[in-house]
Amino acid sequence: MGEIKVSPDYNWFRSTVPLKKIIVDDDDSKVWSLYDAGPRNIRCPLIFLPPVSGTADVFFQQILALTGWGYRVIALQYPVYWDHLEFCDGFRKLLDHLQLDKVHLFGASLGGFLAQKFAEYTHKSPRVQSLILCNSFSDTSIFNQTWTANSFWLMPAFMLKKIVLGNFASGPLDPEMADGIDFMVDRLESLGQSELASRLTLNCQNSYVEPHKIRDIPVTIMDVFDQSALSTEAKEEMYKLYPNARRAHLKTGGNFPYLCRSAEVNLYIQIHLLQFHGTRYAAIDPSMVSAEELEVQKISLHTSNEHEEQVGTYEHI
């Protein structure tokens, strides 16, 4: 149990990539925690936004792999925000502080919803160059919790953790998925009552994405075919909302494919970002492009040949 936490990769990540803490609001208690890795000359990096149960380090495998290829990657952990507008305003201030005009966003579950809301919030002066939405949703009503959203702040931490754990997969799992869930449970334990209550509030507060405001943004929808917290209806709604989106399907991976199917997720991220190579919105150091492109093609061929029953498909609709 807890294999990821003691793995050489995770320990290497923790020892080489510093965790930064940044305050951009007038309220000093609102602290953004982030890992910023890769070449600083890149002005349009890829930013990772975690799910309700996640901390910034749940994306450590993406950070290690992508920075090795020359990408600049930032993984975030949110301060306590109680509504979507407050979050979007704080995130905009953070990008201003980091001197980033435009960014690519990878959002997992709640992180994907917040990424869409931020793209919508900044649509008149766009800050989002592209979106990768992993096991995400476009309307909070799918959780049937909008009526309780305003009472999460009153609940004790153990009750909030029980609500979140109720969405984790149970039953027989392969070792990688079991390790991924163990790691997420450990990360969940590290969150305080106000952090969890605010995230659940954002997750369930009555809100939906307005697609006409973000229809020009390139989108990849990444989801899994096995058990996850998202219903089939929620996935179908995402496909309808983004009819031109690329679709990256993983046959297995559960709620946390970035932990237990990291090689496939990293490949899909690279394929998504290839369309920006050679432009001012590239997330990669230009000197690394040719080697990286060749490797993506090689890995792509290798994966399709040898892991067909495990890996899903990548469609460009």
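The values are calculated or read from the model by the stated rules, or taken from the named source; none is laboratory data. Not measured: the values here are computed from a predicted model. Cβ placement follows ideal geometry from the backbone for every residue including glycine, while neighbour counts extend to all protein chains displayed. Side chains included, ligands, DNA and RNA excluded: accessible areas come from the protein's heavy atoms. Shrake-Rupley method; radii C 1.70, N 1.55, O 1.52, S 1.80 Å.
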**Report entry** Cα-based shape type of the stretch 1-101, given that a ≥ b ≥ c are square roots of the gyration tensor eigenvalues and the cut on a/c is 1.5
**Finding:** oblate
Requested in this report: Compute the length gained on full extension between Ser29 and Ala178: take 0.36 nm times their separation in residues and subtract their Cα-Cα distance, giving the result in nm to one decimal.
Outcome: 50.2 nm
Query raised in the report: What's the extension gain from Leu85 to Thr148 if we count 0.36 nm per residue and subtract their Cα-Cα distance?
Result: 20.8 nm
Query raised in the report: When the chain is treated as a GNM, springs tying every alpha-carbon pair under 10 Å, which of Ile22, Ile47, Ile74 comes out with the largest mean-square fluctuation?
Result: Ile22
Query - Residue range of the chain that is longest and free of GluC sites (Glu not before Pro) which are both DSSP loop and sparsely packed (at most 15 other C-beta within 10 Å) - result: 4-307
Requested in this report: Note down the relative contact order for the chain as a percent, whole number, built from C-alpha pairs under 8 angstrom at least six residues apart.
Outcome: 20
Report summary line: Expected field for Lys162, accessible surface area in Å² at 1.4 Å probe radius, rounded to 10, holds 150
**Report entry** Part-to-part distance (alpha-carbon centres) for the stretch 44-82 and the stretch 216-271, which is given in Å
**Finding:** 17
Report task. For Asp83, Asp36, Asp28, write out the residues from largest to smallest accessible area, computed with a 1.4 angstrom probe and no ligands counted. Result -> Asp28, Asp83, Asp36
Query raised in the report: For Kirkwood radius over Cα pairs in Å, the choices are (i) 19.1; (ii) 19.6; (iii) 21.1; which was calculated from the structure?
Result: (ii)
Query raised in the report: Taking R0 as 30 Å, what's the FRET efficiency between Lys21 and Asn167 from their Cβ-Cβ distance, rounded to 0.05?
Result: 0.60
Query raised in the report: Within the stretch 104-145, which trypsin sites (Lys or Arg not before Pro) sit in a loop by DSSP and count at most 11 neighbouring Cβ atoms inside 10 Å?
Result: Lys124
**Report entry** Antiparallel DSSP beta bridges within the chain, as percent of all bridges there, nearest 5
**Finding:** 40
Query raised in the report: Taking 0.36 nm per residue of separation and subtracting the Cα-Cα distance, what length does fully extending Arg92 through Asp139 add?
Result: 14.7 nm
Query - Heavy-atom accessible area order for Met238, Met288, largest first, 1.4 Å probe - result: Met288, Met238
Report summary line: Taking a label point 7 Å from the Cα of Glu210 along Cα-to-Cβ, the residues of the stretch 118-158 whose backbone nitrogen sits under 13 Å from it are 118-125
Report task. For Gln99 paired with Glu189, estimate the spin-label separation in nm (one decimal), with each label point 7 Å from Cα along the Cα-to-Cβ line. Result -> 4.1
Report task. Would you grab the residues whose amide H sits under 5 Å from the one on Phe225? Only those 5+ places off in sequence or on another chain, please, with H modelled 1.01 Å from N. Result -> Leu250, Lys251, Thr252
